[in-house]
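Novice: Before anything else, here's the structure in question.
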Amino acid sequence: MSPTYEKTSTSPVNIAVIKYWGKRDTALILPTNSSLSVTLSQEHLRSKTTIRASPDFEKTRLWLNGVEETDLTKNKRLQNCLRETRRLREEHEKKLCKEIGTENVVPLSKYNVHICSENNFPTAAGLASSASGFACLVYTLAQLYELPVSTTELSKIARQGSGSACRSLFGGFVAWEMGSQVDGSDSQAIQIAPKDYWPELEALICVVSDAKKGTSSTEGMQNTFTTSPLLQHRIKHVVPERMKSMTEAILKRDFQQFAEITMRDSNQFHAVCLDTFPPIFYLNDVSRAIIRVITEYNTCSESGKLKAAYTFDAGPNAVIYTLRENVPEIINIIAKFFPGDVENGKEYFTDPYQLFSGSIIG
Ligand code: ADP
Ligand code: DP6
Ligand code: CO
């Protein structure tokens with residue numbers, strides 16, 4: 001038996017406040033607009049990945065949530081991440097061979113790997129599992145291969161697994177700069193502010209449904225790109241300005257500006273989904289009820305100020321950004337409006353992750 005090399009790591013999800021939706025290059029995953037997100041703490045939502053490498057492994061294998069994916073050649077995104085990290089490992093090995101001698105270098109780049117990953121929250125339900133999942137894959141490979149590269153470099157590899165994954169390599173407030181190069185060399189994530197820059201900001205997660213979405217993000221955004229005139233307006237005339245205002249709002253810790261742009265951008269993202277032909281519906285009746293409750297809560301606030309901001313990714317599940325002082329009040333309001341559908345035996349938000357959880361950004 002040859003030795004086995006193994007690394008395990010975990011990665012957080014990130015929830016965009018300026019949404020990525022549309023690719024100018026589907027193979028390299030280059031977006032049609034820049035985007036900006038907040039990385040959540042790993043307390044409630046995280047991916048955990050273990051990767052082993054051994055000369056005895058006859059092929060590379062992947063288990064996701066305990067189920068093996070049979071034909072990995074079809075998983076182009078996984079192949080992209082493996083190819084790019086292996087290439088960097090090869091370069092690293094060459095350098096090491098010169099420095100310490102070939103006999104002292106383990107040729108990990110030549111070994112097959114076994115990847116085992118699990119998410120502790122619903123996969124493919126609009127809670128950014130592809131973001132934490134691919135960030136974790138690339139980060140764990142980089143650890144295993146001991147790659148001497150920056151997080152921004154790694155973000156370009158994670159991007160080729162799932163676009164939103166590039167942002168999950170950083171904590172805090174993160175921008176994905178769309179870049180302009182055709183090879184994607186400047187399409188990368190950068191941290192705008194660290195997690196403790198705005199400690200009062202909290203994210204409440206509400207799992208309305210843990211079912212797998214009918215239209216994956218990849219398929220949905222491609223259909224939007226080819227059919228929606230509203231998307232063209234959004235990428236040219238709306239997002240560039242919003243990226244600037246949102247960055248400014250974060251740097252000023254201005255919740256009013258942050259909340260308004262967050263809600264407007266979520267609304268416009270779901271509007272471009274509706275403008276897709278045929279239309280895509282990610283929100284359901286409960287999602288829309290949450291929008292109404294938050295709107296009402298903001299309208300009735302004594303100070304006349306926005307106290308909460310909803311945002312929805314490609315799924316019905318809500319994320320509510322608010323300041324810490326408002327968390328108990330919002331949890332009470334949600335519990336009051338969504339006490340459970342007793343007649344149909346369905347209760348909302350009963351499991352640990354279905355409960356609105358005060359998840360501090362991390
Ligand atoms: P989500 O809204 O959850 O991000 P997507 O449609 O964008 O949904 O992506 C879901 C897909 O991402 C899954 O079907 C799977 O292929 C991939 N994925 C999710 N979690 C992981 C993981 N931990 N490791 C590898 N791939 C993952
Ligand atoms: C609505 O990153 O999941 O969550 O790049 O095809 O894997 P692929 O798509 P993905 O899309 C995320 C879309 C979004 C908005 C966002 O996270 O910015
Ligand atoms: Co996704």
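Novice: Which order do the peptides 5-13, 22-30, 36-44, 104-112 take when ranked by the mean count of other beta-carbon atoms within 10 Å per residue, highest first?
Specialist: My ranking of the peptides, most packed first, is 36-44, 5-13, 22-30, 104-112.
Novice: Now, a different point. Classify region 8-52 from the C-alpha gyration tensor, please: rounded if a/c falls under 1.5, else prolate or oblate depending on whether a/b exceeds b/c.
Specialist: Taking the square roots of the gyration eigenvalues as a ≥ b ≥ c, region 8-52 is oblate.
Novice: Local charge sum around residue 96 (other residues, Cβ-Cβ under 13 Å, Lys/Arg +1, Asp/Glu -1)?
Specialist: Counting the neighbours of residue 96, the net charge comes to -2.
Novice: If I require 20 Å or longer along the helix axis, counting alpha carbons, and a Kyte-Doolittle average no lower than 0.0, what helices from the chain are left? Use full DSSP H segments.
Specialist: Counting only whole DSSP H runs, the qualifying helices are 129-144, 285-299.
Novice: Once you order the gyration tensor axes a ≥ b ≥ c over the Cα atoms, which shape class does region 173-310 get: rounded for a/c under 1.5, otherwise prolate or oblate by comparing a/b with b/c? List each step's numbers first, then the result.
Specialist: Working: a/c = 1.75, a/b = 1.12, b/c = 1.56.
Since a/c reaches 1.5 but b/c is at least a/b, the shape of region 173-310 is classed as oblate.
Novice: Sticking with this structure for a sec: Determine, from the Cβ-Cβ distance of residue 6 and residue 233 and an R0 of 45 Å, the FRET efficiency 1/(1 + (r/R0)^6), rounded to the nearest 0.05.
Specialist: Numbers: r = 49 Å, r/R0 = 1.09.
The pair residue 6/residue 233 has a calculated efficiency of 0.35.
Novice: Determine the calculated [θ] at 222 nm for the chain from helices alone, applying -39500 (n - 2.57) to every DSSP H run no shorter than 4 residues and normalising by the residue count; nearest 500 deg cm²/dmol.
Specialist: Helix-only estimate at 222 nm: -11000 deg cm²/dmol.
Novice: Follow-up question, since we're still on this one. Modelled label-to-label distance, residue 196 and residue 74, 7 Å Cα→beta-carbon offset: nm?
Specialist: Placing both labels 7 Å beyond Cα along the Cβ direction yields 4.7 nm.
Novice: Going Cα to Cα from residue 98, which aspartates and glutamates come in below 18 Å? Please leave out same-chain ones fewer than 8 positions away.
Specialist: List returned: 90, 146.
Novice: Where in region 254-330 are there trypsin sites (Lys or Arg not before Pro) that are in a DSSP coil and have at most 12 other Cβ atoms within 10 angstrom of their Cβ?
Specialist: Within region 254-330, the qualifying trypsin sites (Lys or Arg not before Pro) (loop, at most 12 other Cβ atoms within 10 Å) are 305.
Novice: Once fully extended, how much extra length lies between residue 150 and residue 181, figured as 0.36 nm per residue of separation less the alpha-carbon to alpha-carbon distance?
Specialist: Working: separation 31, 0.36 × 31 = 11.16 nm, distance 1.95 nm.
Additional length available on full extension: 9.2 nm.
Novice: Among rounded, prolate and oblate, which fits region 241-342 when a ≥ b ≥ c are the square roots of the eigenvalues of its C-alpha gyration tensor, a/c under 1.5 means rounded, and a/b larger than b/c means prolate?
Specialist: Oblate, because a/c is 1.5 or more while a/b does not exceed b/c.
Novice: Could you work out the local net charge near residue 140, counting Lys and Arg as +1, Asp and Glu as -1, over the other residues with Cβ closer than 10 Å to its Cβ?
Specialist: With Lys, Arg at +1 and Asp, Glu at -1, the neighbours total +1.
Every number in this text was worked out from the coordinates using simple rules, so none of it is lab data. The shown structure was predicted, so the numbers you read here are calculated from the model rather than taken from an experiment. Positions of Cβ are backbone-derived with ideal geometry, glycine not excepted, and every protein chain shown enters the neighbour counts.
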